1. Here are Lys370, Lys402, Lys374: which of them is under 21 Å from Phe255 (Cβ atoms) and assigned to a loop (DSSP other than H, G, I, E, B)?
2. Just name the residue that is farthest from Ser306 (Cα to Cα) out of those in segment 188-222 that are at pLDDT 90 or above and open to solvent by 70 Å² or more (accessible area, probe 1.4 Å).
3. So which strands (runs of 3 or more DSSP E) stay within segment 106-179 end to end and still have 2 or more residues that are at pLDDT 90 or above, open to solvent by 30 Å² or more (accessible area, probe 1.4 Å) and polar (S, T, N, Q)?
4. Looking only at residues in segment 327-348 that are hydroxyl-bearing (Ser, Thr, Tyr) and open to solvent by less than 50 Å² (accessible area, probe 1.4 Å), which one is nearest to Pro199 (Cα to Cα)?
5. What pairs can you find where one residue is in segment 320-348 and part of a loop (DSSP other than H, G, I, E, B), the other is surrounded by fewer than 18 Cβ atoms within 10 Å (Cβ to Cβ) and of a type in the set (Lys, Arg), and their Cβ atoms are less than 7 Å apart, with a gap of 6+ or different chains?
6. On the basis of being modelled with pLDDT of 90 or more, open to solvent by less than 20 Å² (accessible area, probe 1.4 Å) and touching a Phe, Trp or Tyr at 6+ places or on another chain (Cβ under 7 Å), does Ser293 make the cut?
Amino acid sequence: MHLFIFSRLLMVLLFAGLFLPVRYSCAQESELKQVEQSKELSFIDPRQHRLKLPFKLINNLIVIPIQINNSDTLNFILDTGLNTSIICELSTGESLNLNYAREIQLQGLGAGQSLEAIHTYGNQINVSGIKGINQDYFVLLNNIFHLSNKLGYKIHGILTFNVFNAFIVEINYEDEEIIFHDPGHFRYRKNTRNYITLPLIIHETKPYIHLKIQLNDGRLIPIKVLFDTGASNSLWMDFNSIPDFTMPDGAQPSFLGSGLSGEVFGHLARFDKVYLDHFELEDVVVSLPDSNSIIHAIGMDNRNGSVGAEILRRFNIIIDYPNELITLSKNSKFSDPFSHNMTGIELIAPYPGMNYYTVSQLRENSPGEKSGIKINDEIISINHQDATDLTLNEIYKLFQSKEGKKLKIVVNRDGERIRLIVELERFI
């Protein structure tokens with residue numbers, strides 16, 4: 001199972017308290033077999049051939065509203081990188097009935113132990129005009145990740161393979177819209193210089209593509225990567241899978257985030273160029289986790305890494321599982337520079353939905369640490385703008401804006417207001 005979290009940017013999973021009344025039904029073997037064989041997603045209106053749905057783009061992650069077993073509306077991330085959907089967080093007052101439960105262990109990125117979860121069968125789903133029956137979910141039981149807090153937006157889970165397998169899915173990152181197409185009625189446009197169609201390799205429900213990377217020494221290397229809409233970084237690489245790989249100039253040791261199996265450490269670096277067919281991306285930020293962090297996530301699929309939404313958002317994309325194709329067309333974000341957090345400050349939102357932020361991590365010797373900011377400081381304002389008027393997305397855009405830019409930050413520390421200046425400094 002793939003799940004990788006890069007500090008602020010990628011997904012972290014949480015089950016916040018046992019507020020989920022799961023029904024532990026002892027399903028008979030025949031019932032379970034029927035559930036496994038009759039999973040289905042379709043348009044509620046059988047005459048419909050396409051459905052357009054707006055989404056929210058939160059730190060490059062696509063968030064859509066869904067209902068499970070007639071529940072209240074829940075917010076799920078749309079993710080190609082997992083093969084079974086996950087329910088990771090419910091708050092007090094939120095309830096959900098799930099059938100046919102059994103306990104399982106999950107293992108992913110990180111150097112720690114496996115996670116306990118519940119695997120449920122036979123659930124129904126409604127996605128604004130799409131219905132699904134006999135859907136599977138993993139319910140995480142340990143409160144070790146904090147997705148809503150990290151993203152500053154209420155997130156209940158992750159929606160994955162079945163949605164992509166049932167439809168041709170068109171993602172417009174520019175307009176923040178997604179269109180689900182009936183595969184039998186979809187027609188491709190002709191290729192142009194800015195519109196390419198590539199083979200999509202489906203292996204055990206997960207999609208892979210081939211691309212090329214150019215290293216500092218000039219070598220152009222073909223690689224196989226997981227096509228991962230649920231990862232908001234640009235690229236992570238298993239450098240041990242590249243023959244004669246040397247760490248790029250300027251690479252910096254870093255805490256990269258958290259995975260299903262614990263904290264992930266490694267290096268942040270830049271590749272000179274990344275090629276998707278003839279599309280050329282320059283000076284791309286790449287994460288290089290160490291071998292202990294990825295030992296449970298590599299090997300079976302023979303991949304070299306994953307390409308995430310910091311690259312994917314620069315295109316409008318058609319994901320075609322039925323015909324095993326992926327289509328990319330450049331949008332207005334294509335030439336955006338690959339930026340990173342130049343303060344070294346990581347924030348969380350203790351109360352998702354409220355614009356209230358505290359410092360959760362500080363990179364050692366970073367501009368944030370040098371300025372005097374400390375962990376647990378409450379952010380009051382940035383450049384004279386109240387933090388209550390800023391989303392977490394907007395704050396991180398300020399943190400990534402321009403090397404040399406000075407941010408005037410006011411924090412509350414133990415009841416005292418402290419004024420600090422943080423000068424943005426390119427880390428890699």
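1. Lys374
2. Across segment 188-222, the extreme among qualifying residues is Leu220.
3. 115-126
4. Of everything passing the filter in segment 327-348, Thr327 is nearest to Pro199 (Cα to Cα).
5. Met342/Arg426
6. no
Per-residue answers, yes or no, for (1) in contact with a strand residue (DSSP E or B) (Cβ under 8 Å, 6 or more places away or on another chain); (2) closer than 24 Å to Leu115 by Cα; (3) in contact (Cβ under 8 Å) with a residue 40 or more places away in the chain:
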{"site": "Ser128", "(1), (2), (3)": "yes, no, yes"}
{"site": "Gln135", "(1), (2), (3)": "yes, yes, yes"}
{"site": "Leu151", "(1), (2), (3)": "yes, yes, yes"}
{"site": "His156", "(1), (2), (3)": "yes, yes, yes"}
{"site": "Leu159", "(1), (2), (3)": "yes, yes, yes"}
{"site": "Phe167", "(1), (2), (3)": "yes, no, yes"}
{"site": "Tyr173", "(1), (2), (3)": "yes, no, yes"}
{"site": "Thr205", "(1), (2), (3)": "no, yes, yes"}
{"site": "Ile209", "(1), (2), (3)": "yes, no, yes"}
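Residue-by-condition table, conditions (1) modelled with pLDDT of 70 or more; (2) of a type in the set (A, V, I, L, M, F, W, C); (3) open to solvent by less than 30 Å² (accessible area, probe 1.4 Å):
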residue	(1), (2), (3)
Leu3	no, yes, yes
Glu40	yes, no, no
Arg47	yes, no, no
Asn69	yes, no, no
Ile86	yes, yes, yes
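The values are calculated or read from the model by the stated rules, or taken from the named source; none is laboratory data. Please read all numbers here as calculations on a predicted model, not as lab measurements. Neighbour counts run over all protein chains shown; Cβ positions are idealised from the backbone, glycine included. Note: accessible area is taken over every heavy atom of the protein model, side chains too, but ligands, DNA and RNA are not part of it. Shrake-Rupley method; radii C 1.70, N 1.55, O 1.52, S 1.80 Å.
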